[in-house]
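The values are calculated or read from the model by the stated rules, or taken from the named source; none is laboratory data. The structure presented is a predicted model; accordingly, all values stated were derived computationally and were not measured. Cβ atoms come from the backbone with ideal geometry, glycine included; neighbour counts cover every protein chain shown.
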Amino acid sequence: MSVSDPGRGRSLLWTALLLIVVFAVVPALLASAGRSYLYQVANLIMIFSLLSVSMHLVTGVAGLLQLGHAAFYGVGAYCAALLATHFKLSIGITLPAAGLAAGLVAFLVALPTMRLVSIYFAVATLGIGQMLYVVMLNWVPVTKGPNGILLFGGLQFLGFDLSKPAPAYFFVATVVSVSIYVLHRLSHSYYGNALRALREDDQCADAMGIDTARLKLESFTVSGFFAGVAGALWAHTAGYISPADFNFNVSILILSMVVLGGLGSLPGAIVGAVLLIGLPELLREFKAGDYRNIIIGLVLFGAILFLPKGLIGETSALDLVRRQFGRGRSIPGHEGGVGWK
Amino acid sequence: MSEPFLSIRDLGRAFGGLKAVDGVSADIARGELVGLIGPNGAGKTTLFNLISGFTPPSSGEVHFKGRRIDGLKPDEIARAGIGRTFQNLRIFPNMSVFDNVSVGAIGAERIGMLSAFTGRRGVSERISQRGLAALQAVKLIDDAEELAANISYGKRKYLEIARALAMQPDLLILDEPAAGLNETETKALADFIASLHADGMTIILVEHDMKLVMSICRRIIVLASGRKIADGTPAEVKADPAVLEAYLGGDDA
Amino acid sequence: MLNRRSLLSLGAGALALSVSSAAFAQQPTYKIGYQLPLTGNTAQYGVDFKNAAEIALDRFAKANKPFKVEIVFEDSRSDAKEGVAIARKFADDKAIVGVLGDFTSGVSMASAQVYKEAGMPQLSQTASHPDYAKISEWQFRNITTQAQEGPLNAEWMYALGYRKVAVIAEQTDWGQTVVSNFADKFKALGGQVVFSEFFNRGLADFRPILTKIGRERPDAIYTGFFYEDGAQFLKQAKQLGLATPIHSTSAAYNQQLITLAGGDSEGMKLTATFLPTNPAANVQEFVAAWKAKTGQAEPGQFPAQAYDAVNIMLAALERAHAAGNVTRKSLRDQLAATKDFPGVTGNTTFDANREPAKQLVRAQVKGGAFVAVQN
Amino acid sequence: MDYYLQQLVIGLSLGMVYALVAIGFTLIFGVLNVVNFAHGEIYTIGAFAGLLLFTSFAPPLAAVILIVLAVGALAGVGLERLAFRPFRRFTDEASLKSRAMREATLMSSLALSIVAREAIELIFGSQFQAVPFKLLLNNPIKLGPVTIVDGDLVILGTSALMLFALQYVLKHTRVGLSIRAVSNNALGARYVGIDTNRTIAWTFAVGSAMGAVAGILVGLYYGAIFPAMGFSPGIKAFVAMVMGGLSSIPGAVVCAMIIGVSEALSTIFVASVWQDLVAYAFLIVTLIFFPRGIFGGVRERV
């Protein structure tokens, strides 16, 4: 593929820019500010970016309104915390385990509910989220219920201690970047197009030979997996988790991020996370005090009113095909007839 | 060569007490272009839905390429090689024209999640090729990047057909493709369908526009009140008194 | 509204005062961080703490001490992720030598991870989780733990002749300790716990549980709730005609309980470390200042704990200043050395595990007020 | 036996509270197909408005209810104007009930509900408001082996009255007729000269007025009026509506009762902390067997 290919060039440029920002510019700024508080905010923004991007796959791309995402975040966090406290495992193991556990739970709860459509599916996810929350809160012998779980030992990876703010930042940034890249590939591919078809008109997608039930199940499971990964990151960076971190309001917060940035847009989901985590902290700096939450509500309202497509509109998978053949070029071996005889 | 291409045997479907489709049988050979006509409420769309699996039949069987397909889910039937369009134009409005068409190819290729990571080779390349070929066939290649919601009504009609073509189906079912088109557009569409047929595609066409059906179909099946009342060449059907009565009676009702 | 506005201006005034005095640069100013919920579902508690803290600070400022103190309040919404961010923020601010708060154990403990790492003394007025003070040598609290309160109530109720008791508490870390500490002692005494359950905080309807309790026909009910849930519980118990005596903990000790439940709260017994009717001078001074500042009735148990927590912090700061060395480390050591601090919640001494030992008194709702009782 | 009977009665009264909230919620959904996340806040506004009236003017209950109805209606119209109308760019059937419109209004109503709740909290504080005791609707009434309170009767009466009034309004008034028309076919309604915008505003007025009355009644019933009071009944009403099949008001009422009863009865078998689990498990099981709600097959929309 030639370098002059505009689609590929542009997307490479964006990726490079983003990586530079995440791994060089932001850490440099953070280091020069010398405030662990800012590291904390940055970590939180990244964790919630992963949560919103994982919800984006289900809600933005596949169009399944998900009202219980925080529960899978919680399942991941609890899995990581339990493994870390009972078996003294480090994040190298708890992180994938948390993802798998959350993915498995997502898969199991999705099995019976996949037949449901639109608002019925949404309210089923709400019910499942609430059920998981009630379990976290009340299954005292395992989750310690409202006592929550205290993780001692900080953030260890392959024998390295990453507990200090800067190493922790790089660890979280790496995990989140890789995860978001995977989710990006999923949503920005023909597989993503199949999910979009499901969102646009599931019956019609059926008529195209797309196994919509399988797609729903898969996207829900993958989304749960990455929410679980985010949960492990939170558990290990915060050092203490309790059910309150995973209640309905958190699901709504994540949904707001996805919608604020523009349903269907992955960069939008990230922007939404940056805004909804960053803004409250920014307002704290400006001593907005009691008016903080009202301002956030108004910003959310204004964004929906004035930016009906969100801050960033939906992106298409088209540059994929542009990348493959280049625009306007004739298709190799294609003579204008149709190839379906 | 005993098995016909598509074989509908005594197919029936009742909604409550109403028999929307009542014991319809028909065989369709590979490469045929069959018109399906009938007055409003004759059960044409229901018959389509029975064949494509959107409505499960209450009686009868459907065999396609030697395989029994009634009772299968719509996506399984689609993958067996039956592509369809919808009466009320169901494109994916918030996706680009190309992405719309790609969905047909995606379904036929049965891609899995891993395909998202294999890059440009393999299945993704095949999908791109199929999609672009289908777009070229309907001459929408210049609109590939346009949002489907933003193209004209006439183009959307072609888009829907292109999406079904990207499946590379063995049988194409078109549900009133000319609805809402003007005379010139209808003519162009007729030519296009005829060219598809000339390329070897097996097509069943439901249409209100008699002129269109009569001009391109060599065989016409007439439904009335859920029953097949005529099956033959345009000339035979036109001359059939049962057909005349059904249409006149239908006007009264 | 009025309240908050006056509060704000007061805070601004205090700020201006500290700024102007800093301009003279004669007296050093030390900063204390206070993280607490000022918005959200638990804001009422945080607002109480803030009022109590400002009363304590005001009193300190008038006492002509050789240094100034400024308290930085940050709103955590009782949300762990905000709490941790605040903790980082406090830890970053080199001028902050000690931290008060948070309200819930969950947020306190999540924040404690940061303070442990940063080496910042943290004194919570309400964190009740059994493991809170075990996190590190930097965590302190000024709350009667249930390890102390539970057995005391068990003995009291056993002495009243109750043998079959139902226990119910909120489903929080604190509620868990309410039930376990009481039940262990009560069973050890030879009593019987015939019913033991938890409820989710903010439960609107207690009647299903009350009906269930009623069926067990206990001699008495021991409860672990805060005043709002408590008021609902008492009202609905009365509705259902449940006449079983009800005992509770110091957490229910708030005049608001009587305001909300009215006559239905009559007769409820509880233990507390703070009684506004206590004639001691410091108690009366606090009660008067509270009434003047908030325009409310007498302060409850929690504001009193917050008031004491702030004063304990200030006293430790004073000792550190006198020793000529105010750092986070020295402040921690001075906090740990707190002995017989005369507060409105009784004398406070931190033991080796940085837990306070408190003197509990028995009280009962009589004639629309909490009064001290012997049994 | 008495014990089970008592739990059943409690469950029914719990269900009635949910039903009271669900009626207005379902009416609005039935017409627009949108989830109004701010319905819980309308409920809270109704409770606070009623309480303010009581404490400042001490009018009789009936007068308060009338004024709260008006306050709720106004709040509903305001809500519709701010959070719903701006997203209705075209008034044809497709865009009225389009996905984009549903998503946008879901979020806009959520955003407004945050603003409203925070504003109430800023003004009144987040604690329970003290409700004068003589107003409380919790005086026990013994009925043989079971005990109910006068509030149960008031809520039952109000729910029944609301249902009948609503049926009357829908079937026998011009406004009701246009509401039904817009609900069934917005475009058709427009063709026959019905002002869609005005009809939708009316729907919000009626639905929100009912929500507001529910707020003050339940507030007096439990003696618990606080800014976050709308959250829990709001969710339960939402669940009841979906279980009931989205646009069937009687269906939502029945399902609200089912939820209430299952919550109360579940405490017989498990600790009460699990009662939410039972209620939601019930929801999931219902949806598995009735993917479109129990009463979803009913074509009549409102």
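Computed quantities for the displayed model
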read-out: Qualifying positions in segment C:37-70 - farther than 22 Å from residue C:344 by Cβ and either outside the structural domain of residue C:310 (by TED's automatic domain parsing) or of a type in the set (Gly, Ala, Ser) (or both); value: C:40, C:43
read-out: Lone qualifier among A:116, A:162 - being away from chain D (no Cβ under 14 Å) and more than 17 Å from residue A:70 (Cβ to Cβ); value: A:162
read-out: Which numbered condition residue C:136 fails, given (1) free of Cβ contacts under 8 Å to residues at least 40 places away in the same chain; (2) part of a strand (DSSP E or B); value: (2)
read-out: Odd one out for residue C:275, checked against (1) in contact with a helix residue (DSSP H, G or I) (Cβ under 8 Å, 6 or more places away or on another chain); (2) closer than 11 Å to residue C:344 by Cβ; (3) part of a helix (DSSP H, G or I); (4) of a type outside the set (D, E, K, R); value: (3)
read-out: Qualifying position, being buried (at least 24 other Cβ atoms within 10 Å of the Cβ) and over 16 Å from residue D:73 (Cβ atoms), among D:192, D:242; value: D:242
read-out: Scan of segment A:189-237 for residues that are within 30 Å of residue A:140 (Cα to Cα), of a type in the set (A, V, I, L, M, F, W, C) and crowded, with 24+ Cβ neighbours inside 10 Å, ordered by number; value: A:220, A:225, A:226, A:227, A:229, A:230, A:232, A:233, A:234, A:235
read-out: Positions within segment C:92-108 being surrounded by 24 or more Cβ atoms within 10 Å (Cβ to Cβ) and over 15 Å from the mean Cα position of the chain (by Cα), in sequence order; value: C:97, C:98, C:99
read-out: Any hit, segment C:75-82, residues being more than 20 Å from the chain's Cα centre (by Cα), in a helix (DSSP H, G or I) and on the phi < 0 side of the Ramachandran plot; value: yes
read-out: Counted residues, segment C:183-240 - those being under 22 Å from residue D:147 (Cβ atoms), in a loop (DSSP other than H, G, I, E, B) and facing chain D (nearest Cβ under 7 Å); value: 3
read-out: Verdict on residue A:161 being touching a Lys or Arg at 6+ places or on another chain (Cβ under 8 Å) and at negative phi; value: no
read-out: Candidate set: segment B:87-116, residues that are at pLDDT 85 or above and more than 7 Å from chain A (Cβ to nearest Cβ); chosen: the one nearest to residue B:156 (Cα to Cα); value: B:91
read-out: Selection status of residue A:94, over 28 Å from residue C:169 (Cβ atoms), within 14 Å of chain D (Cβ to nearest Cβ), at pLDDT 90 or above and in a helix (DSSP H, G or I); value: no
read-out: Residue that is surrounded by the fewest Cβ atoms within 10 Å (Cβ to Cβ) [pool: residues in segment B:103-123 that are in contact (Cβ under 8 Å) with a residue 12 or more places away in the chain and not hydrophobic (A, V, I, L, M, F, W, C)]; value: B:110
read-out: Of all residues making up segment B:231-248, the number that are more than 15 Å from residue B:40 (Cα to Cα) and surrounded by fewer than 21 Cβ atoms within 10 Å (Cβ to Cβ); value: 11
read-out: Extreme residue, farthest from the other protein chains (Cβ to nearest Cβ), among residues of segment B:194-218 that are surrounded by fewer than 18 Cβ atoms within 10 Å (Cβ to Cβ) and not in a helix (DSSP H, G or I); value: B:208
read-out: Every pair of residues 6+ apart whose Cβ atoms lie under 8 Å, when the first sits in segment C:350-361 and is assigned to a strand (DSSP E or B) while the second is buried (at least 22 other Cβ atoms within 10 Å of the Cβ) and among the small types (Gly, Ala, Ser); value: C:361/C:272
read-out: Condition met for residue A:77 (touching a Leu at 6+ places or on another chain (Cβ under 7 Å) and either of a type in the set (A, V, I, L, M, F, W, C) or buried (at least 24 other Cβ atoms within 10 Å of the Cβ) (or both)); value: no
read-out: Residue within segment A:311-332 that is modelled with pLDDT under 80, facing chain D (nearest Cβ under 10 Å), assigned to a loop (DSSP other than H, G, I, E, B) and closer than 28 Å to residue A:196 by Cβ present; value: no
read-out: Residue that is farthest from the other protein chains (Cβ to nearest Cβ) [pool: residues in segment D:45-62 that are in a helix (DSSP H, G or I) and either in contact with a strand residue (DSSP E or B) (Cβ under 9 Å, 6 or more places away or on another chain) or at pLDDT below 90 (or both)]; value: D:62
read-out: Residue A:240, sole failed condition from (1) in contact (Cβ under 8 Å) with a residue 40 or more places away in the chain; (2) within 14 Å of chain B (Cβ to nearest Cβ); (3) buried (at least 23 other Cβ atoms within 10 Å of the Cβ); (4) not β-branched (Val, Ile, Thr); value: (2)
read-out: Unmet requirement for residue C:112, which otherwise passes all of (1) at pLDDT below 90; (2) touching a Ser or Thr at 6+ places or on another chain (Cβ under 8 Å); (3) not polar (S, T, N, Q); value: (1)
read-out: Residue match in segment B:173-193 (condition: at the interface with chain A (Cβ under 10 Å from one of its Cβ atoms), crowded, with 19+ Cβ neighbours inside 10 Å and touching a Gly at 6+ places or on another chain (Cβ under 8 Å)); value: yes
read-out: Test set (1) closer than 30 Å to residue A:196 by Cβ; (2) surrounded by fewer than 23 Cβ atoms within 10 Å (Cβ to Cβ); (3) free of Cβ contacts under 8 Å to residues at least 24 places away in the same chain - residue B:67 fails condition number; value: (1)
